[in-house]
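First up is the structure itself, then whatever we jot down about it.
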Amino acid sequence: NAGVTQTPKFQVLKTGQSMTLQCAQDMNHEYMSWYRQDPGMGLRLIHYSVGAGITDQGEVPNGYNVSRSTTEDFPLRLLSAAPSQTSVYFCASRGEGLAYNEQFFGPGTRLTVL
Amino acid sequence: AQSVTQLDSHVSVSEGTPVLLRCNYSSSYSPSLFWYVQHPNKGLQLLLKYTSAATLVKGINGFEAEFKKSETSFHLTKPSAHMSDAAEYFCVVSGWMDSSYKLIFGSGTRLLVRP
């Protein structure tokens with residue numbers, strides 16, 4: 001099992017550019033989520049999905065879009081990047097069965113918006 | 001509403017001395033509680049979790065945490081710190097809020113271990 005994978009690891013954008021952060025998991029988890037991590041603020045939920053075709057907003061959704069066409073993939077789209085979106089982004093999936101409630105995190109994408 | 005407060009933004013200990021990282025939570029019902037560790041430029045790794053079984057939870061790398069309902073606390077401890085324990089630690093509460101499952105992260109505690 002690769003677990004949760006994210007690409008790219010690093011990205012630099014100019015203000016106004018758009019891009020997609022990729023996230024995939026091979027554990028057949030239904031629940032997936034995106035967080036951003038900023039210094040002194042822990043992780044904040046951007047969007048989440050409870051299964052293919054179902055997404056919802058988290059705590060800080062503005063400026064981001066998501067879709068969930070398959071169980072495995074949960075991409076995060078920045079529509080028009082702003083310097084305030086400079087952050088580290090983590091994708092996670094939630095375990096089931098014996099690992100119920102346990103979040104499995106990807107390695108993160110470090111994004112800088114100039 | 002659920003929330004979690006990590007009482008110290010930084011904790012500094014000497015190698016071989018005990019570690020205490022403090023976490024208080026607020027929840028309207030029995031929560032699930034977690035501690036995650038993040039080493040520099042790495043992702044988050046689960047240390048341990050409490051899900052209403054034993055109140056003393058043992059995790060990886062010698063860490064443990066005790067759930068105290070009367071004090072609404074879930075402090076993380078380790079008897080003897082190693083240099084490799086230097087990292088940032090997050091206390092997390094999870095549960096169903098507004099008809100959806102959510103994780104609430106504390107702001108983190110950075111643990112420094114002095115030689």
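The values are calculated or read from the model by the stated rules, or taken from the named source; none is laboratory data. Given the structure is predicted, the values throughout are model-derived calculations rather than measurements. Heads up, the Cβs are rebuilt from the backbone with ideal geometry, glycines too, and the neighbour counts pull from every protein chain shown.
All conditions in (1) within 15 Å of the chain's Cα centre (by Cα); (2) without any contact (Cβ under 8 Å) to a residue 40 or more places away in the chain hold for A:Phe74, with the sole exception of (2).
Evaluate the stretch B:57-65: report whether one residue or more is acidic (Asp, Glu) and surrounded by fewer than 18 Cβ atoms within 10 Å (Cβ to Cβ).
yes
The criterion of at least 2 residues that are at the interface with chain B (Cβ under 9 Å from one of its Cβ atoms) is met, among strands (runs of 3 or more DSSP E) falling completely within chain A, by A:4-7, A:32-37, A:43-51, A:87-94, A:103-105. Select, from A:Arg36, A:Arg68, A:Arg44, the only residue that is in contact (Cβ under 8 Å) with a residue 40 or more places away in the chain, among the basic types (Lys, Arg) and surrounded by 13 or more Cβ atoms within 10 Å (Cβ to Cβ). Within the list A:Arg36, A:Arg68, A:Arg44, the selection yields A:Arg36. Name the residue, out of B:Thr51, B:Thr72, B:Thr109, that is touching a residue at least 40 places away in the same chain (Cβ under 8 Å), within 14 Å of chain A (Cβ to nearest Cβ), surrounded by 15 or more Cβ atoms within 10 Å (Cβ to Cβ) and among the polar types (S, T, N, Q). Among B:Thr51, B:Thr72, B:Thr109, only B:Thr109 is touching a residue at least 40 places away in the same chain (Cβ under 8 Å), within 14 Å of chain A (Cβ to nearest Cβ), surrounded by 15 or more Cβ atoms within 10 Å (Cβ to Cβ) and among the polar types (S, T, N, Q). Mind listing whichever residues of the stretch B:61-74 are within 11 Å of the chain's Cα centre (by Cα) and over 14 Å from B:Val93 (Cβ atoms)? Matches in the stretch B:61-74: B:Phe63, B:Glu64, B:Glu66.
All told, B:Ser27 falls short of being surrounded by 12 or more Cβ atoms within 10 Å (Cβ to Cβ) and at pLDDT 85 or above. With respect to B:Ala53, determine if the residue is among the hydrophobic types (A, V, I, L, M, F, W, C), modelled with pLDDT under 95 and out of contact with any Phe, Trp or Tyr (no Cβ under 9 Å at 6 or more places or on another chain). So B:Ala53 passes the test.
Has the stretch B:17-34 got at least one residue that is farther than 30 Å from A:Lys9 by Cα, within 11 Å of chain A (Cβ to nearest Cβ) and not acidic (Asp, Glu)? The answer is yes, given that some residue of the stretch B:17-34 is farther than 30 Å from A:Lys9 by Cα, within 11 Å of chain A (Cβ to nearest Cβ) and not acidic (Asp, Glu). The number of residues in the stretch B:59-69 being out of contact with any helix residue (DSSP H, G or I) (no Cβ under 9 Å at 6 or more places or on another chain), away from chain A (no Cβ under 14 Å) and modelled with pLDDT under 95 comes to 4. I want to confirm something. Restricting to the stretch B:1-16 and keeping residues that are β-branched (Val, Ile, Thr) and away from chain A (no Cβ under 12 Å), which single residue is nearest to the chain's Cα centre (by Cα)? Per the stated criteria, the residue is B:Val11.
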